[in-house]
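Please treat every number below as a calculation from the coordinates, not as lab data. Because the structure is predicted, anything quoted here is derived from the model rather than measured. FYI the Cβ positions are ideal-geometry reconstructions off the backbone, even for glycines, and counts take in every protein chain you see.
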Amino acid sequence: MKSGIRPANGPFIPAAEITVRASRSSGPGGQHANVTASRIEAVFEPDRSPSLSESQKATIRRRLGPVVTAVSQDGRSQARNRDLALERLEKKLSAALAIPKRRRPTRPTRASKKRRLEQKRRRSETKRDRRRPDISGD
């Protein structure tokens, strides 16, 4: 078993801060699945974690809620499912702690301005050609 997880943009979170629960799986395993608790649920409560800063706790709480849960029942063994659940929990926390890149405003290119004005001109000509002809002889 892993000793903890390290989400991107975040600190190392020891396994002691993550609650791991096992239950019966609905996944593969045949008759064996009916008697083994191979489904794993990894639960992390950011507010109780001394590893995270207050701002990180607030960010996770805002994006994922007060309790973060990851479940795995893909594999037949409990150990494999525990590793998968911890990986999924790590990915969720990484995504929550990710700092989005700021958008840098761009200007329209000279070619795009030219295309826009050309389309406007063509549309104007089309509408002008649809008008009734002026018959006032002036």
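What's the total number of residues in the stretch 111-138 that are exposed (fewer than 10 other Cβ atoms within 10 Å of the Cβ) and under 40 Å from the mean Cα position of the chain (by Cα)? Matching residues across the stretch 111-138 total 1.
Selection of the stretch 97-132 for residues being within 30 Å of residue 22 (Cβ to Cβ) and either of a type in the set (Val, Ile, Thr) or without any contact (Cβ under 8 Å) to a residue 60 or more places away in the chain (or both) yields an empty set. Taken over the stretch 95-122, the criterion of being touching a Lys or Arg at 6+ places or on another chain (Cβ under 9 Å) and not in a loop (DSSP other than H, G, I, E, B) is satisfied by 95, 96, 97. Counting only residues that are β-branched (Val, Ile, Thr) and not in a loop (DSSP other than H, G, I, E, B), the stretch 123-138 holds 1 of them.
The single condition among (1) outside any strand (DSSP E or B); (2) among the polar types (S, T, N, Q); (3) in contact (Cβ under 8 Å) with a residue 24 or more places away in the chain that residue 69 does not satisfy is (1). Consider the stretch 78-109 and keep the residues that are aliphatic (A, V, I, L, M) and under 16 Å from residue 67 (Cα atoms). The one that is surrounded by the fewest Cβ atoms within 10 Å (Cβ to Cβ) is 95. Whenever a residue of the stretch 5-18 is small (Gly, Ala, Ser), its partners that are assigned to a loop (DSSP other than H, G, I, E, B) and exposed (fewer than 14 other Cβ atoms within 10 Å of the Cβ), lying with C-beta atoms within less than 9 angstrom and at least six residues away or across chains, give the pairs 15/1; 15/2; 15/3. The set of residues in the stretch 42-73 that are loosely packed, with under 15 Cβ neighbours inside 10 Å and acidic (Asp, Glu) comprises 47, 54.
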